[in-house]
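Values quoted throughout were computed directly from the atomic coordinates according to the rules given, and no laboratory measurement underlies them. Remember, predicted model here, so these are calculated numbers, not experimental data. All Cβ positions, even for glycine, are placed from backbone atoms using ideal geometry, and neighbour counts span all protein chains on display.
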Amino acid sequence: MRRSAIYRRRGPHADNALTRALDDGAGAVQRMLRAHRRPVRVAAAAAVPAIVALTVARKRAGLHPAATLTIACGVPLGAALAVSPGRKRYAAIGAGYMYLFKLGWELPYDEPEQLRRKLLIDEPIRFDTVVGGGVPVGLRLQRALRTPGEVSALDKVVTAVYGSWFLPHAIFSYILARHTEFAPRAAGRLSAAYHLTTPFYWFWPEAPPWWASEKEGRMGGELERVARLVACDILKRPPPEAGVVPGNPWGSMPSDHISSAAITAMGLAEIGPLYGALGWTYVGAAAFAVVYLGEHYLADVIVGLAIAELVRRGEPLAAPLVRSVARAVS
């Protein structure tokens, strides 16, 4: 269903005691920040690089991962306070949020021994085996569509689709450039879709299919990490014997690729049916890619879609608070 322009710009809005109280609080904070505008901007501009440097050096500084994540939340907030309203502020906040997400994905692996005790290896394989009719879905696709050890044209095309994870950000950039009034809501929903995946990396770490196959011998060691083979073929380099994902090899559940693509498709569908069709076509192609390439299980895709739906349904509840915080720092 296509929403009105006001809804697409501002999102759901309610006039009740809670929203009025939040608006009053936001107004008070805003007045306080305005009264000290210059020192606040200078302090925020200095704080952002300092926080980034501290979180990068977290291991040498002995920072606990949870404390590191808490401190890092100051990056997007500092960007919001330091940069004047407009497209530059959106770009700065977006970069800050992506750094925060990247950190949230990496941090659990700062303590690999502790994370390994919670690692899910067999559970997603069992689910995908049931759905795949006795064979995990990714393994079934690889058996049907490729020759082990070889790189086909299909492998390259699917890897290119997988590598286009930045497409939701490109679409947001288009909205920011052409329809700035719709940017706050689009950015908020995209950020929420990303960041709702991070608790899984801490509490339900999951080995991706390729890791379970190569490292633990699951699925008979038959499932291959196709994207790595494609990269080695293009670069004319032999495949490494033990490739891992830099940062966190156990951040497979859920697929943030799919959650971000799905929430973007939902937003495009509100603009018009053609935009929606294009958005959901990409979601389908990306879902096939991540499973076929051995990067994710079908279960990861399903949970990623569920997160996008949760963001859509939860927006009316979160919108008053988010709007008030945005007003306070605007």
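Hey, got the dipole for region 186-288? About the Cα centre, +1 on K and R Cβ, -1 on D and E Cβ, debye to the nearest 20?
Computed charge dipole of region 186-288: roughly 180 debye.
Quickly rank 254-265, 152-163, 100-111 as a protection proxy: mean count of other C-beta atoms within 10 Å, highest first.
For the peptides 254-265, 152-163, 100-111, the packing ranking is 254-265, 100-111, 152-163.
With 10 angstrom as the radius, rank R228, R38 by how many other C-beta atoms surround their C-beta, starting from the fewest.
R38, R228
Using the basic label-point model (7 angstrom from Cα toward the beta carbon), what is the W204 to F127 distance in nanometres?
Roughly 0.6 nm, to one decimal.
Which whole-angstrom value gives the distance between the alpha carbon centres of region 136-170 and region 87-109?
27
Given a Förster distance of 51 Å, report the FRET efficiency between T147 and A66 from their Cβ-Cβ distance, rounded to the nearest 0.05.
Plugging the Cβ-Cβ distance into 1/(1 + (r/R0)^6) gives 0.65.
Under a straight-distance cross-link criterion of Cα-Cα below 29 Å, which lysines are reachable from K236, leaving out those fewer than 8 residues away in the same chain?
K156, K215
What length, rounded to one decimal in nm, is gained on full extension from A277 through to H179, with 0.36 nm per residue of separation minus their alpha-carbon distance?
Value of the extension gain: 33.3 nm.
Calculate the FRET efficiency for A50 and R116 from the Cβ-Cβ distance with a Förster distance of 35 Å, rounded to the nearest 0.05.
The value I calculate is 0.60.
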